[in-house]
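Heads up: the structure comes next, in structure tokens.
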Amino acid sequence: MSGGASESASPPLVSVVVPCHNAERWLAECLASVAAQTYRPLELSLWDDASSDSSPAVVLDALPQLKDAGVRVTLGGSGFRSAEGQATADSNSEESASKPLGCGTAKNRAVLQSSGDFLCFLDADDVMRPRRVEAQLGLALARKGCVGAGCLVGSCIVREPCDAQPRYTAWLNSLTQEQLLLQRFKECTLAMPTWFCARAVFDAASGFLETGPGTPEDLDFLYRHVRSGGSLARVDEPLVMYRYHEKQQSHGVSANSIWALRVEELESGLLAHLESFSLWGAGRDGKRLYKSLRPASRQKVVAFLDVDPGKLAAGHYFDREHGEKVPIVEWKMASEAKFQPAIICVKSGLHSGFENNVASLGLQEGRQYWHFN
């Protein structure tokens, strides 16, 4: 990846990185939010990933507004070429592609063509609040001296429409700073359109996977960042309006590939360092996790914890695939050391009384239990 400008006493250049594919419906609002940022110097680095709609024309229409606002513009990909800060349409661009290469490739190329010391990621269908760059840069600079691979900064979000995925939104916005790391096995604890980091953080993780549409490149990046010693932080303000719609590219990501990534991170980041553990939840997800584990990890499972009288009466779970029998005991046994830590496989907010049961035991997250679902 290309290097940014060298450090100096002047304010650092921030590049807003926008991958774009068929976003004509929302793109003007997205770009207007870039122009409205309170921070300067600012660059927009947009890469068009083989849009078949009028997205490139929308971008070109927005150039006067961006330049009047003092925003440097760098464009690339289908329909664009960049030369000395001037962007023009070019249907014969060398980088044009007949079909999209995926979010990971578009983000990497937008970063590669950018010049900022810091990177602010934004999806083409989302909108930033005016203080976003200012607020996240302040936190990133405050965390710049952290050891390891640096800090990946996010923010709280608002959804559009406001009733979209309420459990997911509530979970994201309620996480404590400590839980950004502790609950990473559930999902990305920082919504990708809110990411902000020094260029060195991006380079340390070697960018995003370029395996094409359907890749969970954000979750993979976050895990690699953490594994390399990187930290996570969040501005506790809703700095990004995160849009939910039927055409967003995240709908094309395979649920099985996300599951496999989560299991891999759980095993390498936690289970490999444990002598034993229990699985809290003998239902579908608990059994699926058990079957997904490597043999060495399955052998460490001392029991399933559950509340269901029928499962408790059975006394054990027999995994026919591996010929293994695992005891099923009452959930309250999670308070006993021999069943700790418990890996919670029960989805939050879906089972009446579950959160109260966990809280009643007075256990410490990150020591006596971890959330997987």
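The values are calculated or read from the model by the stated rules, or taken from the named source; none is laboratory data. All figures in this text were calculated on a predicted structure; none of them were measured in a lab. Heads up, the Cβs are rebuilt from the backbone with ideal geometry, glycines too, and the neighbour counts pull from every protein chain shown.
So the values come out like this:
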| item | result |
| --- | --- |
| Filter result for the condition that a residue is in the same structural domain as R284 (by TED's automatic domain parsing), more than 25 Å from W259 (Cβ to Cβ) and touching a Leu at 6+ places or on another chain (Cβ under 9 Å), over E336, E330 | E330 |
| Residue within region 233-253 that is modelled with pLDDT under 95 and more than 30 Å from V133 (Cα to Cα) present | no |
| The lone exception for T38 - which of (1) of a type in the set (S, T, Y); (2) at pLDDT 95 or above; (3) not assigned by TED's automatic domain parsing to the domain that holds M241 it fails | (3) |
| Residue among L305, L266, L289, L274 that is touching a Cys at 6+ places or on another chain (Cβ under 6 Å) and touching a residue at least 12 places away in the same chain (Cβ under 8 Å) | L289 |
| Matching residues in region 34-47 - criterion: being hydroxyl-bearing (S, T, Y) and either out of contact with any helix residue (DSSP H, G or I) (no Cβ under 8 Å at 6 or more places or on another chain) or within 20 Å of N108 (Cβ to Cβ) (or both) | S45 |
| Search result, residues across region 202-241 that are over 24 Å from S257 (Cβ atoms) and in contact with a His (Cβ under 8 Å, 6 or more places away or on another chain) | none |
| Some residue of region 363-373 being modelled with pLDDT of 95 or more, under 19 Å from E267 (Cα atoms) and out of contact with any strand residue (DSSP E or B) (no Cβ under 9 Å at 6 or more places or on another chain) | yes |
| Hits in region 314-352 (condition: out of contact with any strand residue (DSSP E or B) (no Cβ under 9 Å at 6 or more places or on another chain), hydrophobic (A, V, I, L, M, F, W, C) and more than 15 Å from F277 (Cβ to Cβ)) | L350 |
